[in-house]
Each structure stands twice: as C-alpha cells, then as structure tokens.
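The values are calculated or read from the model by the stated rules, or taken from the named source; none is laboratory data. Being a predicted model, the structure only gives us computed values, none of them experimental. Positions of Cβ are backbone-derived with ideal geometry, glycine not excepted, and every protein chain shown enters the neighbour counts. We work out accessible area using only protein heavy atoms, side chains counted, and drop any ligands, DNA or RNA first. Shrake-Rupley method; radii C 1.70, N 1.55, O 1.52, S 1.80 Å.
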Amino acid sequence: MTQGISLAGAVTGVGSWPGTDPREAATIVLGELGRLPHLVELPARGLGADMIGRASALLVDLQLDVSTTAYRVVQRRGSVAKRATDLLNQDLDALEEAWESAGLVGADHVVKVQSVGPLTLAAEVELGTGRRVLTDPGAVRDFAESLGEGLARHAAEVTRRLGAQVLVQFDEPRLPAVLAGTLSGRSRLETVRAMPEPEALAVLEAALAGCGAVTMVHCCSADLPTDLLRRSSARAVGLDVSQLASADLDGIGELLDAGKELALGLVPTDAPAVPATWRDLARPAVTLIDRLGFPRTTLRTQVAVTPACGLAGASASWSRDALKLCAEVSSAFTDDPESL
C-alpha cells in the first residue's frame, strides 16, 4: 500500500447514503466523486447494513448478533452477521460493476472505505453479560485488533476487484463520550469509566496500524479530541465544521501544523430552508483558516471537502445536490483560495 495518498483538494462523501439500491448509489457516487469515491453504506436496508452491523461482516474471529437492546458478542456466527456479509458483497459487486462501466479499471485511482472505529464499536456492542464491551479492557483490545485485521482483508479485496488504492476511514462519533465518561451503563449497577487518552490512543492505533492502509478518523460530534488525533498515525481527520467551538481552534491549528489533512464537513446533511450557494458554504472554512493565521492556500494543500456527516437521512435529490455543492466549494479552494 502506497503512502502517497492525499485528500488535499479532493471531494468525498462521509459514508452513508439514502435508499436501498447499491447499484444506483455506486453509479451516482462515481459520477459525482471522480477523484475520491467511497463505498457507500445503505443503512435503510436494516439490520446488518447500519454502522455497527456492518462491522459484523469485517471482524475476524469475533461474532456479533442482536439482543433486545443492542448488538452483542456471541459464540457462533448468526443470521445478522451472514446478512451483513451478503450486503457488503452486494455493495462491492455494485461498485465493481460501476467502476468497470466508468472505465476506471487499471488507472491510478483511490477509493475510500469506511468502518466504525474500535472505540465507538466497543461503546455500542454488548458482551454476553449485557455490559458494554468498553467496560472490559481486554475485550476492547481484542476488538481493535480484530477490526484492523478485518479491514486489511477488506481493503485487499477492494484493490483486487478495482485495481485501486484504498483509503480507510474510521468513524468515531462516540470518541468524545468515551473520553469524557458520559456513556450510561446498560443497567443501574453498571458504570462506564472515562477512558484516559493514552489508553484510547493505544486502542485506536491498534486498529489504524492493523489495517495496513492510509487512514483517516472521522468524528462529527462536538468536543473533538484534537490532541489525541494529532498524536495518532491517521493521515487525515474528518469533522463537522458547525460543531467547532472557540476552544477547539488551537487544536485544529496543531493538527494542521503537524501536517494532518482535514476533511471539512461544510455542506449540511439536509436541504437548508434557505438555499445556500457554494460561497455561503465555503465561508466557515475560510474564516477558520484566517482565524488560525494560516495562508488561504492551506485550503488547497491540506483540506478536502465533505458533507457535514452521512447522508442516509437526506432526500435522494439533496444527497446529489450536496455532493455537487461539495465539488463547487472544493474547486474554489483549489483554483483561487486567496480570492475567497
């Protein structure tokens, strides 16, 4: 796997997409995201297609099924894991078909795949006892290693099918809550401790390193742990710009100083009541770079543009419009950022 992959100047989706038709989704995404398309997730298909269910198709030597409250670790592979694997294969088939139709086979292209990150996975999945995996440090490590190995296999399969390089995105929406200790127990007797940053970083690194690919970490929640992410090996950090507060600015600047690339979520996931132009949507990023004291050319050299988060809840028309707007914003950043 080459380490030459860069997100700078690219446009991509966060991951999820509306609807249930993988072929239609793959065709649209390839059409709108020529340089950095992604293998879409279609959670509207139900169990096994959501973010946690998808992981059951990726984990190695760990099995998940559903309980009455959540996904749970089980001894034998159940129907949900089988369904998740079938759905993932359908998505790969659809992307491969669209890839060949677009004439992309054999060219030097990059495709992005997504997975829930190890900390969010551990926060959402239950052990057989009903407690969160997060409450068992040994189990958390096992999950991180299993996920990394599974994603290495997944990336290799994508490369085999498409002849493309692979960027792996880890989605960690629960990361701030894991660090803050604000997750509730599954029962009144269970407490979920705050995980110290060094421990959380070690867990994240086990998965990042294990997948053997160029990686990014995406977190569209508030209180982005910028210091932890700066110390990680991830090439890029994805975030929802609307979630940033003044207290986050120094951390964002340190990410850029460290050479990290930023995938800035600038386009809303739902159609705004008042139609927005690309200039309206670009303004928060320009303001952010100006406040940090970086040259506006940073928008060209270290920034990619994405929707604020996944588009699973968007209408079919807005999901396409959102990607078009992302492309218009990115073009402005690339062509003449100083004029914005």
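Hydrodynamic estimate: the Kirkwood radius of the stretch 235-340 over Cα pairs, inserted into Stokes-Einstein at 10 °C and 1.306 mPa s, corresponds to D of 114 µm²/s.
Our compactness index for the chain, the C-alpha radius of gyration over the empirical 2.2 N^0.38 Å, is 0.95. Stokes-Einstein diffusion for the stretch 205-286, with the hydrodynamic radius set to the Kirkwood value over Cα pairs and evaluated at 37 °C in a medium of 0.692 mPa s, equals 236 µm²/s.
What number, rounded to the nearest 500 deg cm²/dmol, is the helix-based mean residue ellipticity at 222 nm of the chain, given -39500 (n - 2.57) per DSSP H run of at least four residues and division by all its residues? Each step should come with its number before you reach the end.
On the way: 12 runs with 147 residues, N = 340.
Taken over the chain, the calculation gives -13500 deg cm²/dmol.
About its Cα centre, the dipole of the chain is roughly 540 debye, where the only charges are +1 on Lys and Arg Cβ and -1 on Asp and Glu Cβ. Would you mind classifying the stretch 152-260 by shape? Square roots of the alpha carbon gyration tensor eigenvalues, ordered a ≥ b ≥ c; an a/c under 1.5 is rounded, otherwise it is prolate if a/b is larger than b/c and oblate if not. Judged from the Cα gyration tensor, the stretch 152-260 comes out oblate (a/c at least 1.5, b/c at or above a/b). Computed with a 1.4 Å probe on the full set of protein chains, the accessible area for Ser233 sits at about 70 Å².
Applying a 4.7 Å cutoff between beta carbons, the unpaired cysteines of the chain are Cys211, Cys219, Cys326.
Think of the stretch 20-333 as having a plus end and a minus end, set by charges on the Cβ of Lys, Arg, Asp and Glu; of Leu33, Gly265, Gln243, Gln243 sits farthest toward the positive end of this dipole. Hey, how many Å between the Cα centroid of the stretch 192-243 and the Cα centroid of the stretch 294-329? For the stretch 192-243 versus the stretch 294-329, the Cα centre distance is 21 Å.
A 1.4 Å probe run over the protein chains yields, for the chain, 40 Å² of accessible area per residue, whole-number rounding.
I want to verify a result. In a Gaussian network model of the chain, Cα cutoff 10 Å, which of these has the top mean-square fluctuation: Gly163, Gly238, Gly181? In the Gaussian network model the winner is Gly181. Computed about the Cα centre, the dipole magnitude for the stretch 28-177 is approximately 360 debye when only Lys and Arg (+1) and Asp and Glu (-1) carry charge, each at its Cβ. Please go through the stretch 1-77 and write out the trypsin sites (Lys or Arg not before Pro) that DSSP classes as loop and that have at most 10 other C-beta atoms within 10 Å. Listed in order of number, the matching sites are Arg76. For Lys260, the lysines whose Cα falls under 28 Å of its own Cα, not counting residues fewer than eight places away in the same chain, are Lys112, Lys324.
Each Lys and Arg adds +1 at its Cβ and each Asp and Glu adds -1 at its Cβ; summed about the Cα centre, the stretch 212-255 shows a dipole of about 240 debye. At a 1.4 Å probe, what is the % contribution of carbon and sulfur to the accessible area of the chain? Reported share for carbon and sulfur atoms: 49 percent.
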